[in-house]
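Visitor: Structure incoming, see below.
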Amino acid sequence: MTYLDEKILEKRESHDPAPNERIEQAEATSFLLRIVATLPARQQEVLQLKFQNDLSYQEISEITKLSVSHVGVLIHTALKTLRARHAQAARDFIPFNPRIAS
């Protein structure tokens, strides 16, 4: 099996991601969504409103009928939990390091 020369990859004029980059991005997105799905529903809701809809804490507060400070606590707690769960999963992950032919 031959591997692409890094010089060839660097000269690529297209700004579109390479096929392997698209696959890695899709896998990372799927992995993150599975972790988000383990959060309590209220935390999922505020994360979605904040990051998918780009709403402010005030706007989220008005939609959810929670105080602005409670919205902040929910987002903080959710992100802290996501970081911890991602770190644990990353420790369990065995990276793929292909051998490059000389």
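The values are calculated or read from the model by the stated rules, or taken from the named source; none is laboratory data. Nothing here was measured: the structure is a model prediction, and the numbers come from that model. Please note: Cβ atoms are built from the backbone with ideal geometry, for glycine as well, and neighbour counts cover all protein chains shown.
Visitor: Out of all the residues in the stretch 35-77, which are part of a helix (DSSP H, G or I) and touching a residue at least 40 places away in the same chain (Cβ under 8 Å)?
Guide: Start the filter on the stretch 35-77 by keeping residues that are part of a helix (DSSP H, G or I), which leaves 35-36, 41-52, 57-64, 68-77.
If the condition is that a residue be part of a helix (DSSP H, G or I) and touching a residue at least 40 places away in the same chain (Cβ under 8 Å), then Ile35, Val36 are the ones that fit.
Visitor: Please work out which residue is modelled with the highest pLDDT, limiting yourself to the stretch 1-59 and to residues that are of a type in the set (Ser, Thr, Tyr) and in contact with a helix residue (DSSP H, G or I) (Cβ under 8 Å, 6 or more places away or on another chain). Give the derivation first.
Guide: Kept after step one, since they are of a type in the set (Ser, Thr, Tyr), are these residues of the stretch 1-59: 2-3, 14, 29-30, 38, 56-57.
Still in the list and also in contact with a helix residue (DSSP H, G or I) (Cβ under 8 Å, 6 or more places away or on another chain): 38, 57.
Numbers: Thr38: 93, Tyr57: 97.
Ranking the candidates gives Tyr57 first.
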